[in-house]
1. Pull up region 13-40, narrow it to residues that are in a loop (DSSP other than H, G, I, E, B) and surrounded by 10 or more Cβ atoms within 10 Å (Cβ to Cβ), then point me to the one that is modelled with the lowest pLDDT.
2. Which of the residues spanning region 41-55 are exposed (fewer than 11 other Cβ atoms within 10 Å of the Cβ) and of a type in the set (Asp, Glu)?
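The values are calculated or read from the model by the stated rules, or taken from the named source; none is laboratory data. No experiment lies behind these values; they were computed from the predicted model shown. For neighbour counting, all protein chains shown are included, and Cβ atoms are generated from backbone atoms with ideal geometry for every residue, glycine included.
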Amino acid sequence: MLIQSSTPENAQPSPDAPVRAKFAPTDGSVSIGRQSGPSVVMRDVDDVHSLIDGLQSAVREMARHQEAEATA
């Protein structure tokens with residue numbers, strides 16, 4: 001997995017900026033990140049699927065944690 005920055009290292013993306021994913025047909029990669037900050041560039045479809053699986057697991061765990069906090 002290649003980390004690629006589209007802005008200077010000292011630039012801080014806004015925490016309110018949406019995270020986006022974009023496919024680049026010129027090199028067959030997917031870029032994930034905030035518009036004004038660093039991006040993760042993935043060129044292997046299996047890596048993208050693995051990331052999706054990991055995100056789904058993390059979101060389920062996050063939801064369980066928030067639910068437990070709300071009922072405590």
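1. Pro13
2. Correct list: Asp46, Asp53.
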